1. Collect the residues in the range A:241-264 that are farther than 16 Å from A:F339 by Cα and facing chain B (nearest Cβ under 9 Å), keeping them in residue-number order.
2. Can you name every residue in the range B:327-356 that is modelled with pLDDT of 95 or more and more than 11 Å from every other protein chain (Cβ to nearest Cβ)?
3. Residue check, A:M399 against (1) more than 11 Å from every other protein chain (Cβ to nearest Cβ); (2) at pLDDT below 95, all met but one. Which one?
4. Output the residue which, of all residues in the range A:82-122 that are farther than 28 Å from A:D172 by Cα and of a type in the set (S, T, N, Q), is surrounded by the fewest Cβ atoms within 10 Å (Cβ to Cβ).
5. Residue check, A:R171 against (1) within 14 Å of chain B (Cβ to nearest Cβ); (2) crowded, with 21+ Cβ neighbours inside 10 Å, all met but one. Which one?
6. Which one of the conditions (1) out of contact with any Lys or Arg (no Cβ under 8 Å at 6 or more places or on another chain); (2) within 12 Å of chain A (Cβ to nearest Cβ); (3) in a loop (DSSP other than H, G, I, E, B); (4) not hydroxyl-bearing (S, T, Y) does B:E238 fail to meet, given that it meets all the rest?
7. Anything in the range B:209-245 that is touching a Phe, Trp or Tyr at 6+ places or on another chain (Cβ under 7 Å) and over 21 Å from B:D352 (Cβ atoms)? List them, or say none.
Number of protein chains: 2
Amino acid sequence: MAPPFDLPGDDTVAGIQINPPASGRGTSVYSEVQASRIDHSLPLPSVLKSPFKIVDGPPSSAAGNSEEIAKLFPNLFGQPSALLVADQSNAIPSEQKLKIGVVLSGGQAPGGHNVICGIFDYLQEYAKGSSLFGFRGGPAGIMKGKYVELTSDFVYPYRNQGGFDMICSGRDKIETPEQFQQAEETVTKMDLDGLLVIGGDDSNTNACLLAENFRGKNMKTRVIGCPKTIDGDLKSKEVPTSFGFDTACKIYSEMIGNVMIDARSTGKYYHFVRLMGRAASHITLECALQTHPNITIIGEEVSKIETEKMLIQMVETELEKKKKEGTYKREFMGKSHFFGYEGRCGLPTNFDATYCYALGYGAGSLLQSGKTGLISSVGNLAAPVEEWTVSGTALTSLMDVERRHGKFKPVIKKAMVELEGAPFKKFASQREEWALKNRYISPGPIQFKGPGSDALNYTLLLELGAEA
Amino acid sequence: MAPPFDLPGDDTVAGIQINPPASGRGTSVYSEVQASRIDHSLPLPSVLKSPFKIVDGPPSSAAGNSEEIAKLFPNLFGQPSALLVADQSNAIPSEQKLKIGVVLSGGQAPGGHNVICGIFDYLQEYAKGSSLFGFRGGPAGIMKGKYVELTSDFVYPYRNQGGFDMICSGRDKIETPEQFQQAEETVTKMDLDGLLVIGGDDSNTNACLLAENFRGKNMKTRVIGCPKTIDGDLKSKEVPTSFGFDTACKIYSEMIGNVMIDARSTGKYYHFVRLMGRAASHITLECALQTHPNITIIGEEVSKIETEKMLIQMVETELEKKKKEGTYKREFMGKSHFFGYEGRCGLPTNFDATYCYALGYGAGSLLQSGKTGLISSVGNLAAPVEEWTVSGTALTSLMDVERRHGKFKPVIKKAMVELEGAPFKKFASQREEWALKNRYISPGPIQFKGPGSDALNYTLLLELGAEA
């Protein structure tokens, strides 16, 4: 057994001292696994490793009510998506120095730090002398002009690490005319060429509104979004998955798998597990595919269930009835679990780490190319990383409208579990067997090296058609 | 990204089909990580790899009330501990074929399957032609004569796997004269040379009573115990740790570390975590050393705390008071967590896998040598595995008596957290700093390869004096 990893003279138990100047984690001590992840080298899609050009696609439309979206986004509606294509003749790196801001918006998702590292490294590689600023505490940081310059030393300890604590996040929205005014003032004062908004559906809608607003005023600041949410409900044809979903599902599945082995070993308890998530049940479906529980409730298929505890009570009531009838003779003992916060800040899987790095790197290329109102999109994810595609998708093309208080509001529609989609169909084809026979699978802890360390989640694989 | 590990023709999502004949996991599908662990090769202490002899130590006493223990164990009291020592002249493998039974008793702990694999492999190596039988469902299996013969194919899928489902466990005790009679009949009918009892303090006390009973009746069946419990409260000078503690604490610490990063990222919630365990707080202390929470409550130091929810309420009440006084102006939002069942059945760490295998292997040698009433003991655990010591410790030497219903009952005293011990002192020396500054550590998921995969837990390291 190796002794634990301690720097000489370090008086702490558990790990090494990471001590770069001016960092939020400057006084942090890292576990051996955290420390080993910092220098984990990330592969890049080939197109990002050599000179490239950006090729525009055909004009885009909207996900619904395109006429209303056109009215809401007169400057951006219809703009094409942008695809990066290798081009040896291109004169990248350019001479132009950029000033870019980045903000984390909404709940944490594993990999957020890597998006920032990705755009940081892009600027170092392709736009030397550029500056990257991190707005602190989410969109409020933009409105209040609270930011920090992200230097090489500053970002270093966050490479491949979970959490959003490099610059922290927040749930404020830039909505009122005064708030748009504040944002405008901040980016003008900072002389920003671009802003990268890392967030979920609402945050990306907000990013698009900012882009429209800035463009409408002929400001130079471009805005690019990035798809983040463990819930997995921000996706489309061009955006195959939101980052963080992979890691969070694997953490929950580890715990579910452990509880399953416990159930099989004792034969004593019935375990009821509730998972994080909002309206969409992607997390639950993915965890079911990974672990094969006896019964899984997918919200899109049945009426909404309040809690796992209510379920236990229903089962108890039913069995009590059957006991009185003499048709059930055993004891029922229910245990409830909620797996939520444990999954939002885990160390990102190899997939999320690599995917996020590419998303951030790609976002840099879009901003440098003068693009705005796009969401960074990395595709062909079932292929080796070298073959991944990098593009920007028009945010307006993901939008529909909702009528709120008599007014049309643009929204990126949440992607629900499709009952006709491959992941649900796979689940539906097997669930009867899982219900009757115990086909439990225990995925075990996320591995960073060796078997399983590069496995994709089933939702993504099945949606990409990469799994029979 | 590699595609998932699927056998050709396998129609299941998630992993490979493990399909040996007659196994409880015969119809199970394994995740890639589970599958990769099956063939993980385990190092053995050098002394178990070549001919050895068993050297008896000096006569033993008891942990307390030795006169009463002597009366309760007239046949076993005072017997020496037994140490394995390399001896090239010894004629192992012997010609004698053994019939051995094994039972899992009480709550699950990661590594239990490896104890069984250890004794199985010992018999294959040193007593060819022997038979190993697994009693089903814990001690009740002994009383009812419910068992299964453990063959190479049967044990194979459980190698390095979590859970106790190979033969399942149970909490019954062999206590009354009738129950002792039933046990006697079973082992006589089965013609058992030995019985290995894998359990916690109560189960090992029970093992010693069985050993005394069998010896008193001149039966040939010897009984050896094995220290199991995630609670970590079964240990002594000779038994440095109980198996499962390492894995469970690492699983809990992963979750705590994730929640800590979440707290640091949002700055919004205060998290209260309760951990599994009974009277002793070893798990909590170990997790504190691994993760550095702001406040840790060690039961041995303070009055008993009922729940993490009560704590939240106390903080709320106090802050409400301060708000009225105008000395506190922020919002308090508490989140409670209980980490328990998730840790009992995880895939054993490299340490638990190796430790358990040595415990089982060593138990085989003790039974073959005619020993009874000992607990399998593997020591020198801070050194490389090759240098680990293997011995058997007299169970009576761990015992004290308790007076119950006017009668003396033998008990193996639970090892509580020692306030003068190295782990607590380390914690006490740092907790003020942890309380005021956020020194959180996020251990990350258990790794089976690469950095961190062979790290020992801090409790064990500090108790062994291997960490300053």
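1. A:I261, A:D262, A:A263, A:R264
2. Within the range B:327-356, B:D352, B:A353, B:C356 meet the criteria.
3. Just one mismatch for A:M399, condition (2).
4. Selected residue: A:S89.
5. Failed condition: (2).
6. It is condition (2) that B:E238 fails.
7. Scanning the range B:209-245 gives B:E212, B:N213, B:T221, B:V223.
Results for (1) buried (at least 24 other Cβ atoms within 10 Å of the Cβ); (2) farther than 25 Å from B:R171 by Cβ; (3) in contact with an Asp or Glu (Cβ under 9 Å, 6 or more places away or on another chain), shown as yes or no for each residue.
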{"residue": "B:E212", "(1), (2), (3)": "no, no, no"}
{"residue": "B:G232", "(1), (2), (3)": "yes, no, yes"}
{"residue": "B:E238", "(1), (2), (3)": "no, yes, no"}
{"residue": "B:A248", "(1), (2), (3)": "yes, no, yes"}
{"residue": "B:E254", "(1), (2), (3)": "yes, yes, yes"}
{"residue": "B:V259", "(1), (2), (3)": "yes, yes, yes"}
{"residue": "B:D262", "(1), (2), (3)": "yes, yes, yes"}
{"residue": "B:H271", "(1), (2), (3)": "no, yes, yes"}
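The values are calculated or read from the model by the stated rules, or taken from the named source; none is laboratory data. These numbers come from a predicted model, not from an experiment. Every residue, glycine as well, gets a Cβ built from its backbone with ideal geometry; the counts of neighbours run over all protein chains shown.
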